[in-house]
C-alpha cells in the first residue's frame, strides 16, 4: 500500500450512524428479521434505494417488491445488508473513474451487474455466505475510486491508459502505475471502517482465494473472483469472459449449473 493512498483512506469520513446501526443488528446473533426491518425503515431515502435495487430485473422477481420487510424476506438479512451498505458507502465518495475509461453510471451499473450475477448464482446453494458476499460484490470495486484519484493527482492518466492496453489486465496495470490494486485498496478501506475480518479477508484475497484465512472465506473469495472475471470493468459480459469464469469455477470446484443459469439472466 502506497503512503499517498493510505493517507487518502485514513482521511475518509466515518460511515453515518445508519450504517453502524445496520452493522450492529447484523452482527448481533440475537437480532431478528424484524430488528433489521425496523432499522432500515427509519431512513426513508435508504429504504427507497434498497427497494430500487431489489426491484432490478437482474434478480428476476416477477412481482414488485414494495416493502423492506418483503425485501428482507426474499433476499435475507445478509443480501439486504449489501444493498444498504452499497447505497451508504457510495455516497461517501466523490466519483471520477475517467482513468478507467468508464463513467459514474457505468461504474454503478458494473457493481449492480456483479452483485446481480452473484446473487442469482448463490442465493439458493451458497446462502450462508451471502452476509459477506453481498457487500463484497457490491463494493469490491470501490478501491478504484481512490486509485483513480491518485492517477489523476500524479498526472499519469496517459500512462495508465497505455498500461491497460498493453497488459490487458486492470489489476496488473494498477500495480504497474501506482503499486497497488483494487482489491487491496477496497480491503483496506473496510478495515479502516472496522468491518468484520471476514469481509476484509474476502475483498483482499479475491484474486488469490487460496490465501484467504478460512475455508468459508476461501470459497467466498473464489466466488467473487469468478464474478469479477465474468463481469469485467466495462460491465460487458462476453463469450471470452464467460469461458474464463467457467475455467475458474472448475478450478475452485464451484457450482457450474447454477452459474450457467445465472449468467444467462445477467447477459
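Points worth noting:
- Whether a residue is exposed (fewer than 13 other Cβ atoms within 10 Å of the Cβ) and either modelled with pLDDT of 90 or more or within 18 Å of the chain's Cα centre (by Cα) (or both) was assessed, and residue 55 does not pass this test.
- Test result for residue 111, assigned to a helix (DSSP H, G or I), free of Cβ contacts under 8 Å to residues at least 40 places away in the same chain, surrounded by fewer than 22 Cβ atoms within 10 Å (Cβ to Cβ) and under 12 Å from the mean Cα position of the chain (by Cα): yes
- Any hit, region 139-153, residues being free of Cβ contacts under 8 Å to residues at least 40 places away in the same chain and on the phi < 0 side of the Ramachandran plot: no
- Residues that are within 14 Å of residue 233 (Cα to Cα) and free of Cβ contacts under 8 Å to residues at least 60 places away in the same chain, drawn from region 154-169: 165, 168, 169
For (1) part of a loop (DSSP other than H, G, I, E, B); (2) touching a strand residue (DSSP E or B) at 6+ places or on another chain (Cβ under 7 Å); (3) more than 17 Å from residue 83 (Cβ to Cβ), each residue gets a yes or a no:
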position: 9; (1), (2), (3): no, no, yes
position: 14; (1), (2), (3): yes, no, yes
position: 23; (1), (2), (3): no, no, no
position: 30; (1), (2), (3): yes, no, yes
position: 52; (1), (2), (3): no, no, no
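- Where a residue in region 243-267 is free of Cβ contacts under 8 Å to residues at least 40 places away in the same chain and its partner, wherever it lies, is surrounded by 14 or more Cβ atoms within 10 Å (Cβ to Cβ) and in a loop (DSSP other than H, G, I, E, B), with Cβ under 6 Å and at least six apart: 267/237
- Residue in region 137-147 that is closer than 18 Å to residue 262 by Cα and crowded, with 18+ Cβ neighbours inside 10 Å present: yes
- Among the residues of region 178-198, those that are closer than 19 Å to residue 139 by Cα and touching a residue at least 60 places away in the same chain (Cβ under 8 Å) comprise 180, 184, 185, 188, 189, 192, 193, 195, 196, 198.
- Some residue of region 170-177 being buried (at least 23 other Cβ atoms within 10 Å of the Cβ), at negative phi, in contact with a helix residue (DSSP H, G or I) (Cβ under 9 Å, 6 or more places away or on another chain) and in contact (Cβ under 8 Å) with a residue 24 or more places away in the chain: yes
- Any chance residue 78 is under 12 Å from the mean Cα position of the chain (by Cα), closer than 24 Å to residue 32 by Cβ and either assigned to a helix (DSSP H, G or I) or at pLDDT 90 or above (or both): no
The values are calculated or read from the model by the stated rules, or taken from the named source; none is laboratory data. Note that the structure is a prediction, hence the values are computed from the model and not measured. Every residue, glycine as well, gets a Cβ built from its backbone with ideal geometry; the counts of neighbours run over all protein chains shown.
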